[in-house]
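Enquirer: Quick one: the structure is below, and I'll ask about it shortly.
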């Protein structure tokens with residue numbers, strides 16, 4: 001098996017000099033890659049399964065403690081691999097509901113966030129895919145702190161593993177909607193998604209996973225080709241290009257027409273319903289006329305509209321819609337039989353919206 005150096009600077013060629021740690025992050029390898037690797041060095045493929053099980057289901061990262069491996073295999077792992085894990089830096093509990101917000105510290109000192117939300121059917125976890133965000137959406141706290149880098153596969157897996165271990169529970173639903181644009185880190189995100197259902201790992205079915213995007217149309221088509229049974233969530237937030245240009249720079253490259261077409265193609269190719277996110281900003285995109293325009297835009301598509309109360313951030317002048325305008329907007333959508341909900345606010349007292357805790361940490 002030939003393991004090449006990757007952009008995330010984790011997989012390093014063995015011919016590097018001693019100035020570099022030649023060891024590979026073993027947690028970036030899926031179960032088949034581990035099976036192929038151990039077979040190449042003369043071990044049965046099931047040994048690769050055992051290693052994957054230790055790392056991903058049992059959460060054991062000290063090779064010496066992998067007791068069903070031979071001593072020679074453990075020595076080989078120590079010499080050739082590392083198994084880094086991110087850490088919990090801060091943990092905030094909401095006094096209003098059961099929401100928990102985590103701030104994770106990465107190996108280079110960067111921080112990202114995840115939020116656990118409790119519903120009657122179990123826990124949903126929203127994770128980050130990048131440290132910072134390049135997209136520059138005007139109403140989002142994630143765009144205030146600059147983009148640093150993509151998260152690796154193992155770092156995204158760690159967000160789930162650490163929460164499950166800390167709460168001693170199973171995450172039932174996963175949302176890639178925290179800090180960062182998931183489709184801007186598509187290669188790592190796809191490999192991460194493919195590792196989730198493995199029974200020797202987190203064993204999370206992809207039909208329980210939602211992947212969010214602000215509208216990278218080219219990447220939607222790339223994701224579509226993998227036929228992963230995830231739900232695609234599109235951050236729409238406006239019904240005209242004039243308004244969307246003001247709040248989402250991505251619209252200047254991929255306008256609403258191209259985005260809606262991509263959503264249609266995604267549904268037709270995957271048979272997975274698309275969800276549209278719509279943050280309501282007072283007197284900008286929340287009028288009855290704009291609700292009717294959204295009805296016209298979506299027509300009779302099989303989709304869901306998630307209306308979101310705006311989270312105010314000090315660097316922006318936008319204000320959230322008053323409740324009367326929110327429910328009037330929703331009433332119009334429902335009148336025309338568009339499946340819609342108003343997102344329940346969770347963790348407001350701990351500023352659970354993505355980007356707020358990371359920003360505060362960087363300021364400190």
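Every number in this text was worked out from the coordinates using simple rules, so none of it is lab data. Computed from a predicted structure; not experimentally measured. Note that we place each Cβ from the backbone using ideal geometry, even for glycine, and neighbour counts take in every protein chain shown.
Enquirer: Multiply the residue separation of residue 226 and residue 242 by 0.36 nm, subtract the distance between their alpha-carbon atoms, and state the gained length in nm to one decimal.
Expert: Stretched fully, the residue 226-residue 242 segment lengthens by 2.4 nm.
Enquirer: Can you pull the one-decimal nm distance between simple spin-label points at residue 41 and residue 89, each 7 Å off the Cα toward Cβ?
Expert: Result: 3.3 nm between the two label points.
Enquirer: Test of understanding: what is the full-extension gain from residue 119 to residue 82, defined as 0.36 nm times their sequence separation minus their Cα-Cα distance?
Expert: 9.6 nm
Enquirer: Right, something else. To test your reading of the geometry: what angle, between 0 and 90 degrees and rounded to tens, separates the Cα axis of helix 186-195 from the longest principal axis of the chain?
Expert: Compared with the principal axis, the helix lies near 70 degrees.
Enquirer: Counting other beta carbons within 10 Å of each residue's own, what order do 158, 184, 36, 72 fall into, fewest first?
Expert: 72, 36, 184, 158
Enquirer: What FRET efficiency comes out for residue 170 versus residue 312 if R0 is 45 angstrom and r is the Cβ-Cβ distance? Round to the nearest 0.05.
Expert: 0.85
Enquirer: Relative contact order for segment 56-179 using alpha-carbon pairs under 8 Å, separation at least 6, rounded to a whole percent?
Expert: Reported relative contact order: 21 percent.
Enquirer: Once the piece of chain linking residue 108 and residue 293 is laid out straight, how much longer is it, given 0.36 nm per residue of separation minus the C-alpha distance between them?
Expert: Working it through step by step, the gained length comes to 62.0 nm.
Enquirer: In addition: Measure nothing but the geometry: give the 0 to 90° angle between the long axis through the Cα atoms of 31-40 and the longest principal axis through the Cα atoms of the chain, rounded to 10°.
Expert: Taking Cα atoms only, the helix is inclined about 20 degrees.
Enquirer: Now for a separate question. Which whole number of Å³ per residue matches the convex hull of the alpha-carbon atoms in segment 24-82?
Expert: 72 Å³
Enquirer: Arranged by the count of other C-beta atoms within 10 angstrom, fewest first, what order do 304, 56 take?
Expert: Neighbour counts put them in this order, fewest first: 304, 56.
Enquirer: Same structure, new question: So how far, in whole Å, is the C-alpha centre of segment 140-217 from the one of segment 259-312?
Expert: Each part's Cα centre sits 23 Å from the other's.
Enquirer: For the chain, with a Gaussian network of springs between Cα atoms less than 10 Å apart, report the residue from 114, 141, 291 with the top mean-square fluctuation.
Expert: 291
Enquirer: Can you work out the base-10 log of I(q)/I(0) for segment 87-185 at q = 0.16, 0.17 1/Å, using the Debye formula on its C-alpha atoms alone?
Expert: -0.66, -0.74
Enquirer: Would you work out the relative contact order for the chain, in percent, from Cα pairs under 8 angstrom that are 6 or more residues apart?
Expert: 14 percent
Enquirer: Still on this model: Taking only Cα atoms and a 10 Å spring cutoff, compute GNM fluctuations for the chain and point out the largest among 341, 67, 270.
Expert: Result for the chain, Cα springs under 10 Å: 67 fluctuates most.
Enquirer: How far is helix 153-167 tilted off the main Cα axis of the chain, in degrees rounded to 10, range 0 to 90?
Expert: 80 degrees
Enquirer: Grab the beta carbon distance between residue 61 and residue 257, set R0 = 41 Å, and tell me the FRET efficiency rounded to 0.05.
Expert: 0.30
Enquirer: Sort 145, 140 by Cβ crowding within 10 Å, fewest neighbours at the top.
Expert: Result, fewest neighbours first: 145, 140.
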